[in-house]
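The values are calculated or read from the model by the stated rules, or taken from the named source; none is laboratory data. For clarity, every value in this text was computed on a predicted model and none was experimentally measured. Here the Cβ positions follow ideal geometry from the backbone for every residue, glycine too, while neighbour counts run over all protein chains shown.
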Protein chains: 2
Amino acid sequence: MKAEYINPFVSAAAEVFSTMLQCELTRGKLTIGNGAQPTMDISGIIGLSGRATGTVVLSLDRAVALSATEILLSQKCTTIDGDVIDAVGELTNMVAGRAKAGLEHLAMSLALPTVITGKNHVISFGSATQTLAIPFTCEWGGLVLEVGLVEEAEVAPAELAAASMA
Amino acid sequence: MKAEYINPFVSAAAEVFSTMLQCELTRGKLTIGNGAQPTMDISGIIGLSGRATGTVVLSLDRAVALSATEILLSQKCTTIDGDVIDAVGELTNMVAGRAKAGLEHLAMSLALPTVITGKNHVISFGSATQTLAIPFTCEWGGLVLEVGLVEEAEVAPAELAAASMA
């Protein structure tokens, strides 16, 4: 994954939080990973495909997820329920949607978001995919955005394995 | 999601397990869901996008994940490690890849798989997405395949929300 491809995702996260939640994000240090990321209490996952194939994970502290949902729904939230899950899925969708506009040459479209809950869940991209992760802090707590993107030519092995069975 | 769209995924799972793992699956009763599915010890998730937008979750008993990896790698596996995570990601990729060939009119392409581990993790599609889930049993234990697919016209609200911010 090209390092510069992370930038549209970082800008997208900052813009979505600022515009939709009136919450300013402070970014931390980029880390390169390819295995399990240290996830937080709730994570949104969304796939991207086109001239590159990827997945975006937005993992939030419980307090960030609850506060974000409160603002989106204008109602108090105290537990991770269906509303919080919907809100985290929608935030993940918005971050990925905005980021793909900044990577127009990859002509990617979004899959459906899913949301993972459960203490100590771990999300792995598999050993073959290099990912870039950016931690952020905000007034409510921490969040991490992790992105794995593989450009078309690099996709060959998995696609070939699937195709060879068809 | 049209009920008949689940069939290519069911056939794909049976074929992948039979061809790659020499393991015959017995299917259980289809359930309709739109919330959290009862997940097992390890789950592969992969996004699909094209004329429909979707996500596929393949959730496996620990014993099924370990036995499948043993066959794929021809080596004994006793814990859920990086090899097992890679194997579950690859199985999820193969099932989705084969299924999309049976849904050619939807012109979908695959995103990158991710794999979720952690006792009691829950994977939710959000309240707006109806999903279909099929449980299977095999000689090693149980697995569940859950699919959510939204056809193009239905995607409008989320895409519009993302687009209106760009």
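Filter region A:46-60 down to the residues that are buried (at least 17 other Cβ atoms within 10 Å of the Cβ) and over 18 Å from A:VAL10 (Cβ atoms) and list them by number. Hits for region A:46-60 are A:GLY47, A:SER49, A:GLY50, A:THR53. Please go through region A:111-140 and pick out each residue that is closer than 19 Å to A:MET1 by Cα, in contact with a Gly (Cβ under 6 Å, 6 or more places away or on another chain) and not small (Gly, Ala, Ser). A:PHE125, A:THR129, A:THR131, A:PRO135, listed by residue number. Of all residue pairs spaced 6 or more apart or on separate chains, those with beta-carbon atoms under 8 Å, a first member in region B:7-24 that is among the hydrophobic types (A, V, I, L, M, F, W, C) and a second member that is modelled with pLDDT of 95 or more and part of a loop (DSSP other than H, G, I, E, B) are B:ALA13/B:LEU25; B:ALA14/B:GLU24; B:ALA14/B:LEU25; B:PHE17/B:CYS23; B:PHE17/B:GLU24; B:PHE17/B:LEU25; B:CYS23/B:GLU139; B:CYS23/B:TRP140.
When B:GLY47, B:GLY102, B:GLY82 are checked against the criterion of being modelled with pLDDT of 95 or more, touching a Ser or Thr at 6+ places or on another chain (Cβ under 8 Å) and closer than 30 Å to A:LYS100 by Cα, B:GLY47 stands alone in meeting it. All of B:SER74, B:SER11 fail the test of being modelled with pLDDT of 95 or more and of a type in the set (Gly, Ala, Ser), apart from B:SER11. Among the numbered conditions (1) over 16 Å from A:ILE123 (Cβ atoms); (2) out of contact with any Ser or Thr (no Cβ under 7 Å at 6 or more places or on another chain); (3) surrounded by 24 or more Cβ atoms within 10 Å (Cβ to Cβ); (4) not charged (D, E, K, R), tell me where B:ALA87 comes up short. Failed condition: (2).
Considering the conditions (1) at the interface with chain B (Cβ under 10 Å from one of its Cβ atoms); (2) touching a residue at least 12 places away in the same chain (Cβ under 8 Å); (3) under 30 Å from B:GLU151 (Cβ atoms), A:SER127 is excluded by exactly one of them, (3). Candidates in region B:1-35 are the residues that are among the small types (Gly, Ala, Ser) and surrounded by fewer than 17 Cβ atoms within 10 Å (Cβ to Cβ); of these, the one that is farthest from the other protein chains (Cβ to nearest Cβ) is B:GLY28. For region B:98-116, filtered to residues that are surrounded by fewer than 23 Cβ atoms within 10 Å (Cβ to Cβ) and touching a helix residue (DSSP H, G or I) at 6+ places or on another chain (Cβ under 7 Å), the residue that is nearest to the other protein chains (Cβ to nearest Cβ) is B:ARG98. Checked against the criterion of being touching a residue at least 40 places away in the same chain (Cβ under 8 Å), aliphatic (A, V, I, L, M) and within 21 Å of A:ASP86 (Cα to Cα), the candidates B:ALA133, B:ALA153 yield just one match: B:ALA133.
Taken together, A:ALA107, A:ALA65, A:ALA99, A:ALA87 contain a single residue that is touching a residue at least 12 places away in the same chain (Cβ under 8 Å) and over 20 Å from A:MET20 (Cα atoms), which is A:ALA107. Consider region A:41-62 and keep the residues that are touching a helix residue (DSSP H, G or I) at 6+ places or on another chain (Cβ under 6 Å) and under 27 Å from A:LYS76 (Cα atoms). The one that is nearest to the other protein chains (Cβ to nearest Cβ) is A:ILE46. Here B:LEU132 clears all of (1) in contact with an Asp or Glu (Cβ under 8 Å, 6 or more places away or on another chain); (2) in a helix (DSSP H, G or I); (3) more than 7 Å from chain A (Cβ to nearest Cβ) except the condition numbered (2).
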